[in-house]
Amino acid sequence: MDKQRIKHFITKQRCVPWRVANAYDNWVEKRVRPFSHRLYMILKYHRVNLNTQEYWDKIWGTEDACLTRNYEKMFSQIVEITPERSRVLDVGCGPGLLLQRLRDAKRCIPYGLDISKKAISALNRAGIEGKVAKLPKFPFPDNFFDVVIATEVLEHVTSPSKTVKTMCRKLRDGGLLIVSVPDDTLYPEDELEHLHIFDEKKLSGLLEPYVRVRGTHRGYYFDDKPEKYVIIYGEKG
């Protein structure tokens, strides 16, 4: 029996009184979480990395997911950067909000990649081709895309460097890589699905071995919230 089933058996099947279970949960939240993020994740979720297919299927299965993860300003900046009629891959595309904008505004040929089956099903319903895969696996040919985009992805993956390297391998020579991340905000202690902290300097250092950096954009995700993002884009070759 795995750890998750053991916890469910103990807490849900009344092997431990509910008051004891609640006391344990409160202890983990109040005593462990402020001092050790890793130990908190292990005790609370029995894993350090929440980014599984099951987790993201639950996220994209909620009605408000498309609203809370629709970054209007950032998407507008990316649409402006992207050349018309490009063959575009969006890595971690979700249900395809950005790809639909690129298709409609720039007449791009869109493709999506995501860990979530529900996200790709929604993408397919929007008339866009997509594939399910766990990064850094990319089930697309090398040198195939004019543009590869990854918005708010690298902070979720185990190996950002391997992911960037593979993204660039899918780009044709002269193709455009566009990457955005939270800019020194939304730390793993605050956003539990995040594994890494980025800022402009760190992201630039990650991309420079693979592309010639051409520009940077910054902004706030939402007007009424303090969290910022940074976009860096560059050409392969």
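The values are calculated or read from the model by the stated rules, or taken from the named source; none is laboratory data. Predicted model only: the values in this text are computed from it and were never measured. Reconstructed Cβ throughout: ideal geometry from the backbone, glycine too, with neighbour counts over all protein chains shown.
Criterion first (at pLDDT 90 or above, in a helix (DSSP H, G or I) and not assigned by TED's automatic domain parsing to the domain that holds residue 134) does residue 55 satisfy it? Answer is yes for this residue. Could you tell me whether segment 61-72 includes any residue that is of a type outside the set (Gly, Ala, Ser), in contact with a Pro (Cβ under 8 Å, 6 or more places away or on another chain) and modelled with pLDDT under 90? Checking segment 61-72: at least one residue is of a type outside the set (Gly, Ala, Ser), in contact with a Pro (Cβ under 8 Å, 6 or more places away or on another chain) and modelled with pLDDT under 90. What about residue 80, is it surrounded by fewer than 15 Cβ atoms within 10 Å (Cβ to Cβ), closer than 25 Å to residue 229 by Cβ and at pLDDT below 95? In short, no. Evaluating residue 169 against the criteria (1) surrounded by 15 or more Cβ atoms within 10 Å (Cβ to Cβ); (2) basic (Lys, Arg); (3) in contact with a Phe, Trp or Tyr (Cβ under 7 Å, 6 or more places away or on another chain) leaves one unmet condition, (3). Entry remark, segment 178-209: residues being touching a strand residue (DSSP E or B) at 6+ places or on another chain (Cβ under 7 Å) and either closer than 22 Å to residue 166 by Cβ or among the hydroxyl-bearing types (Ser, Thr, Tyr) (or both) number 10 in total. Answer yes if at least one residue in segment 143-151 is surrounded by 19 or more Cβ atoms within 10 Å (Cβ to Cβ), under 17 Å from residue 198 (Cβ atoms), assigned by TED's automatic domain parsing to the domain that holds residue 78 and among the small types (Gly, Ala, Ser), and no otherwise. Within segment 143-151, one or more residues are surrounded by 19 or more Cβ atoms within 10 Å (Cβ to Cβ), under 17 Å from residue 198 (Cβ atoms), assigned by TED's automatic domain parsing to the domain that holds residue 78 and among the small types (Gly, Ala, Ser).
Within segment 96-113, residues that are under 14 Å from residue 83 (Cβ atoms) sit with their Cβ atoms under 9 Å from residues that are among the basic types (Lys, Arg) and part of a helix (DSSP H, G or I), at 6+ positions apart or across chains, in these pairs: 109/103; 110/103. In segment 65-83 there is no residue matching the filter, namely being more than 25 Å from residue 223 (Cβ to Cβ), hydroxyl-bearing (Ser, Thr, Tyr) and not in a helix (DSSP H, G or I). Within segment 107-127, the set of residues being closer than 11 Å to residue 93 by Cα and in contact with a helix residue (DSSP H, G or I) (Cβ under 6 Å, 6 or more places away or on another chain) comprises 110, 112, 114, 115, 116, 119.
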